[in-house]
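See structure below.
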Amino acid sequence: MTDDLCPREAEVLRACESGMWPADLADHVSRCDACREVQAVARVLREAVDAEDAAQLPTAHDIWWRAQWQARQEARARAMRPLDRMERAEPLVALVAVVALLVLRGDVLLSQLTGWATSNSTGQVLQAVMPPALLPVLLVGAGLGALVFLVGIGAVLAND
Ligand SMILES: [Zn+2]
């Protein structure tokens, strides 16, 4: 290692990088210890940088595997798209079905539920505690609460 500086070291660095050596510079390097050292260090650094670039490139197998994986993911997403749409529409369909059922057959359902609720001992206790006019309202409220709960569960499961 030499401690002497040479004014042409920058030229040597540029020539190392470009690979183009003017005749006078090549002649100078053959005679100058400092420039020979700059040339040797630049060569070692260039080899290290080139080796690092080659190591970071993915192999053909990696590229192929990633492309296959991505294609599978896209095919899966394409295949699941109609099911996802159906899952999102399920709560709405359930709500429409329940409303239609209540509009078309609500009076029959309500009388059946009231009859069932008052037929056993719990129903009779309920009737003794609250006025009979509140029982249908309570049943409808419980049914709507259950529906909201089911719609919420369906929405949570659809977002998975
Ligand atoms: Zn020199």
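Observations, loosely collected:
- Pick from the stretch 26-48, criterion surrounded by fewer than 16 Cβ atoms within 10 Å (Cβ to Cβ) and touching a residue at least 24 places away in the same chain (Cβ under 8 Å), ranking: farthest from the ligand (Cβ to nearest atom): Arg46
- The residue of the stretch 10-25 that is nearest to the ligand (Cβ to nearest atom), among those that are touching a helix residue (DSSP H, G or I) at 6+ places or on another chain (Cβ under 8 Å) and more than 22 Å from Asp50 (Cα to Cα), is Leu25.
- The residues in the stretch 17-56 that are over 54 Å from the mean Cα position of the chain (by Cα) and under 15 Å from Leu5 (Cβ atoms) can be counted, and the count is 7.
- Among the residues listed as Arg72, Arg88, the single one being open to solvent by 100 Å² or more (accessible area, probe 1.4 Å), at pLDDT 95 or above and more than 16 Å from the ligand (Cβ to nearest atom): Arg72
- Set Pro82, Pro91: member being in contact (Cβ under 8 Å) with a residue 40 or more places away in the chain and not hydroxyl-bearing (Ser, Thr, Tyr): Pro91
The values are calculated or read from the model by the stated rules, or taken from the named source; none is laboratory data. Values in this document were obtained by computation on a predicted structure and should not be read as measured data. A quick note on method: Cβ atoms are made from the backbone with ideal geometry, for glycine too, and the neighbour counts reach across all protein chains shown. Please note that ligands, DNA and RNA were not included when accessible areas were found on the heavy atoms of the full protein model with its side chains. Shrake-Rupley method; radii C 1.70, N 1.55, O 1.52, S 1.80 Å.
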